[in-house]
Amino acid sequence: MSLVTRREGRTKLPPEQPSIPQRRGGTGAYWMYLLPGFVLLLIVVIVPLVWNVYLTFTRWRGVRSPEFIGLENWQKILGDGDFWTSFTNSVWMIIAMVVVPTILGLIVAALLFDVVGRKFGGKVGSFLRATYYLPQILPIAVAGIVIGWIVRPGSDGALNQMLGWFGIPAYDWLGQMPSALIVLMVVMVWVQLGYPVVVFMAALQRVDPELYEAAELDGANWFQRFSAITMSIIRPEIFVVTLTCTIAALKVFGPVYIITRGGPAGSTLVPAYYAYQEFFTKRNVGYGATIATVLTIVVVIVSIIFIRVQNSLERKERAGL
Amino acid sequence: MARRIRSTTVAALAALTATGVALSGCTAGTDEGGDGQTLKLWHYEGADSAMGKAWAEAIDIFEKETGATVEFEEKSFEQIQKTASQVLDTDAAPDLMEFNKGNATAGFLASTGLIADISDAVEEYGWDDKLAPSLQTTAKYSEDGVMGGDTWFGVPNYGEFVGVYYNEDAFAEAGLQIPTTYDEFVDVLDAFVAKGVTPLAEAGAEYPLGQLWYQLALNAGDRGFVDQYQLYDGEVDWQGPEVTAATETIAEYVDKGYIASDVSSVKAEDAGVSFINGTSPIFVSGSWWFGRFVAEATGFDWTMTAFPGADLSLGSSGNLWVVPENAANKELAYEFIDITMRPEIQAIIGNNGGLPVAAEIDDITDEKSAELIETFNGVLEADGLSFYPDWPAPGFYDVLVQELQGLVTGVQDAETTNANLGEQYDEGTAEFR
């Protein structure tokens, strides 16, 4: 009896980690291989990070020696309306770069995999997948200029011309609020969509078709199969996409710089662009470093939360809860 | 195998050492003050611009006369503006560099000791005799980097000013005269609006709107206001008559249709093009457009004057030649500057749509250019150059764009706009006062 129980346990719960052959003689020798990585980490990440944090306590114009001013920059940031506007806009960027692309990406990937792939063959599915991914590889400077032409004010803009065909008057898309932010968000959805589509389509390959067949036999419709089987199996990929896109949304800079420069009237300001302005145009390096440090802290906190939630869900899954 | 690894390592180390020695040798050579045979020169004028053509000729003359070689690196304005302060602090600094004038730019470099005091060279070569007093203001800085000081940190070769471009054909068609007073200017704007034409080419996403705003403040102010604003000679009253008149008038221009309602997202290039293609008959902007309009605005007759009825105009010397403190060949740099001040080089600037500061008027053969130079000389004679609104504080350009966008989109009123501008101005200038 006890033998049977042990066998069942082995088949239901595989080992959590692949077993690595252990060598006698300790692990001291392995550290040598990690050394180059640590040196790079030190030079590229840790030293600049520490220097950046130090600068938050200084007033510095970028040359000569920084002047130590204590917590002045940190006190200033609390009452800085532009700073809070920039972080509010980060929430909109998260909607445009994480929420919408992830949901749309799931739907598009499932449709391409399930419907298009089956009815029209894998090549059509691959072609469409590549099409959605194209904005990801297009330099944002190029895309930004083209988008600027499309939404330019007056009747010269492509969008205004098209609206004109239906008798809709020309509108200043980038010069007014909230349209400037909406245009920026639409652009970001367009740019981001391809990434989750590609990741989710790759993840869908892992799903055992027999599970779908079994569910179909049990009478499950497409949505039930999608929510119960697909979503459950590709959850790790959903976490990865959500985490990486959230970090990208918090750090977004290029599209804002190219398309709106934070305008009109600072309404599309985001933290990375605000830090850039303080660093390079106002030469308030200390204050720019403070904004950058806050951004780093937020990114780290968000990452930790994501990873913890993911680990917790995985643990529950392994435990069969 | 072990021996091979060891020998490869030794060879690699030897190569690295040799490279290191060679590199340190190069650096040492530079540190010792240069070879006196190579002038490392940076500027950001386009090859086809008036200055670009003049500098190219100056390089030829310099190489022939001195036997030295010019090592020219073409930079962009943004590149030098954003990174110069870091580069100038190193041995990679050039011997001579073009740099933007003003407190937040050349003044900043002067205050940090990154560019050299060239007062002795100015006196030795007599450049000060060739420059009108109002042009000297932007070349001389105090130890805090405020222009108009006693120490020469740069030399300008050309000037610039903001005036009004008029499409003469459009005026003739509408039965209007080119205005000579501000009231006539407003009457013309009203007349065009009545005919369904938006008269002013304008751009709220870049400098033109901020420059119009400052011109309107200058119309309501005097030299005392300019000195307060630009030279920190007293406090600027940000709710006072000059700034209030400027801000309220801009809002009024939008309300009355003198400026398009979608001005806030328009860039300078688009505004210029709307004048070139005849869409807008009036464009308030700088002399830097002049050469472009000569080449491209060929479908109609046009002219440029100083802002009607104004005693003060935006404008200054052009960008400056500055000599980095770490320059290896300062003497060569001075010789090059001297060549650029010669009449033949100045004439190239003048005949290509630029505004030379030391040209012989007889050398200006182009009629249109002569007309521009005459207008500029009129501004100089009236001591009318009043600099640019974004100069007093680092980053104030972005502040002006942002706040005026808020004004013209109706997000904020004139009083709030003035208050925001004042707050940012005071913060940006606090350490210079």
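The values are calculated or read from the model by the stated rules, or taken from the named source; none is laboratory data. No experiment lies behind these values; they were computed from the predicted model shown. Glycine also receives a Cβ, built like all others from the backbone with ideal geometry; neighbour counts cover every protein chain displayed. For accessibility, only protein heavy atoms count, side chains too; no ligands or nucleic acids. Shrake-Rupley method; radii C 1.70, N 1.55, O 1.52, S 1.80 Å.
Rundown of residues vs (1) free of Cβ contacts under 8 Å to residues at least 60 places away in the same chain; (2) aliphatic (A, V, I, L, M); (3) within 14 Å of chain A (Cβ to nearest Cβ); (4) surrounded by 18 or more Cβ atoms within 10 Å (Cβ to Cβ), yes/no style:
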{"residue": "B:Glu360", "(1), (2), (3), (4)": "yes, no, no, no"}
{"residue": "B:Ile364", "(1), (2), (3), (4)": "yes, yes, no, yes"}
{"residue": "B:Asn418", "(1), (2), (3), (4)": "no, no, no, yes"}
{"residue": "B:Leu421", "(1), (2), (3), (4)": "no, yes, yes, yes"}
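Among the criteria (1) over 27 Å from B:Tyr397 (Cβ atoms); (2) in a helix (DSSP H, G or I); (3) not acidic (Asp, Glu), the one B:Pro179 does not fulfil is (2). In segment B:63-82, the residues that are over 30 Å from A:Lys282 (Cβ atoms) form no Cβ pair under 7 Å with any partner that is among the small types (Gly, Ala, Ser), whether six or more places apart or across chains. If you check A:Tyr257 against the conditions, is it touching a helix residue (DSSP H, G or I) at 6+ places or on another chain (Cβ under 9 Å), at pLDDT 95 or above and within 14 Å of chain B (Cβ to nearest Cβ)? Answer is no for this residue.
Taking strands (runs of 3 or more DSSP E) as the structural unit, those lying wholly within segment B:267-319 and holding at least 1 residues that are open to solvent by 30 Å² or more (accessible area, probe 1.4 Å), touching a Gly at 6+ places or on another chain (Cβ under 8 Å) and not small (Gly, Ala, Ser) correspond to B:302-306. For segment B:278-296, a residue qualifies if it is without any contact (Cβ under 8 Å) to a residue 24 or more places away in the chain and in contact with an Asp or Glu (Cβ under 7 Å, 6 or more places away or on another chain), but none of them does. Each residue in segment B:377-409 was checked for being over 20 Å from A:Tyr287 (Cα atoms), of a type in the set (A, V, I, L, M) and either away from every other protein chain (no Cβ under 14 Å) or not in a helix (DSSP H, G or I) (or both), and 4 pass.
Counting just the residues of segment A:146-169 that are among the small types (Gly, Ala, Ser) and open to solvent by 60 Å² or more (accessible area, probe 1.4 Å), which one comes out modelled with the highest pLDDT? Selected residue: A:Gly167. Residues of segment A:25-64 that are modelled with pLDDT of 95 or more and within 14 Å of chain B (Cβ to nearest Cβ): A:Thr58 alone. For segment A:271-290, the candidate set comprises residues that are of a type in the set (A, V, I, L, M) and more than 14 Å from chain B (Cβ to nearest Cβ); within that set, the residue that is nearest to A:Met97 (Cα to Cα) is A:Ala272.
For every residue, the table says whether it meets (1) surrounded by 15 or more Cβ atoms within 10 Å (Cβ to Cβ); (2) within 13 Å of B:Val162 (Cβ to Cβ).
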position: B:Gln177; (1), (2): no, no
position: B:Thr180; (1), (2): no, no
position: B:Val186; (1), (2): yes, no
position: B:Ala191; (1), (2): yes, no
position: B:Ala194; (1), (2): no, no
position: B:Val197; (1), (2): yes, no
position: B:Leu209; (1), (2): yes, yes
position: B:Trp213; (1), (2): yes, yes
position: B:Ala217; (1), (2): yes, yes
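Just one residue in the set B:Ala430, B:Ala414 is free of Cβ contacts under 8 Å to residues at least 60 places away in the same chain and open to solvent by 10 Å² or more (accessible area, probe 1.4 Å); that residue is B:Ala430. For the residues B:Thr375, B:Thr365, B:Thr409, B:Thr417, the requirement of being touching a Ser or Thr at 6+ places or on another chain (Cβ under 7 Å), outside the structural domain of B:His43 (by the TED database) and farther than 30 Å from B:Gly224 by Cβ singles out B:Thr409. Within segment B:150-172, is even one residue part of a loop (DSSP other than H, G, I, E, B) and farther than 30 Å from B:Thr138 by Cβ? Among the residues of segment B:150-172, not one is part of a loop (DSSP other than H, G, I, E, B) and farther than 30 Å from B:Thr138 by Cβ, which makes the answer no. Taking the listed residues B:Gly159, B:Gly145, the one that is crowded, with 22+ Cβ neighbours inside 10 Å and at pLDDT below 95 is B:Gly159, with no other qualifying. Being under 20 Å from the mean Cα position of the chain (by Cα), open to solvent by 30 Å² or more (accessible area, probe 1.4 Å) and of a type in the set (D, E, K, R): is that true of A:Arg315 here? Criteria not met by A:Arg315.
Within segment B:257-266, no residue satisfies the criterion of being open to solvent by 40 Å² or more (accessible area, probe 1.4 Å) and within 15 Å of A:Thr260 (Cα to Cα). Scanning segment B:222-281 for residues that are small (Gly, Ala, Ser) and over 23 Å from the mean Cα position of the chain (by Cα) gives B:Gly234, B:Gly240, B:Ala245, B:Ala251, B:Gly257, B:Ala260, B:Ser261, B:Gly278, B:Ser280.
As a summary of the residue check, B:Gly395 satisfies the conditions (1) modelled with pLDDT of 90 or more; (2) assigned by the TED database to the domain that holds B:Tyr214; (3) open to solvent by less than 40 Å² (accessible area, probe 1.4 Å) except for the one numbered (1).
Return yes when A:Leu134 is open to solvent by 60 Å² or more (accessible area, probe 1.4 Å), in a helix (DSSP H, G or I) and not hydroxyl-bearing (Ser, Thr, Tyr) and no when it is not. It is true that A:Leu134 is open to solvent by 60 Å² or more (accessible area, probe 1.4 Å), in a helix (DSSP H, G or I) and not hydroxyl-bearing (Ser, Thr, Tyr). Apart from one condition, B:Gly309 fits all of (1) in contact with a Ser or Thr (Cβ under 8 Å, 6 or more places away or on another chain); (2) at pLDDT below 95; (3) in the same structural domain as B:Gly126 (by the TED database); the exception is (3).
When you scan segment A:76-94, how many residues do you find that are more than 14 Å from chain B (Cβ to nearest Cβ) and open to solvent by 60 Å² or more (accessible area, probe 1.4 Å)? Number satisfying all stated conditions: 5.
Screening segment B:248-266 for residues that are in contact with an Asp or Glu (Cβ under 9 Å, 6 or more places away or on another chain) and not in a helix (DSSP H, G or I) and picking the one that is nearest to the other protein chains (Cβ to nearest Cβ) gives B:Asp262. What about A:Pro139, is it open to solvent by 60 Å² or more (accessible area, probe 1.4 Å), within 13 Å of another protein chain (Cβ to nearest Cβ) and at pLDDT 90 or above? Against the criterion (open to solvent by 60 Å² or more (accessible area, probe 1.4 Å), within 13 Å of another protein chain (Cβ to nearest Cβ) and at pLDDT 90 or above), A:Pro139 does not qualify. Looking only at segment B:366-387, residues that are surrounded by fewer than 20 Cβ atoms within 10 Å (Cβ to Cβ) and either in contact with a Lys or Arg (Cβ under 9 Å, 6 or more places away or on another chain) or closer than 22 Å to B:Lys64 by Cβ (or both) come to 1 in all. Quick one: is A:Ala248 farther than 26 Å from A:Thr131 by Cβ, open to solvent by less than 50 Å² (accessible area, probe 1.4 Å) and hydrophobic (A, V, I, L, M, F, W, C)? Answer is no for this residue.
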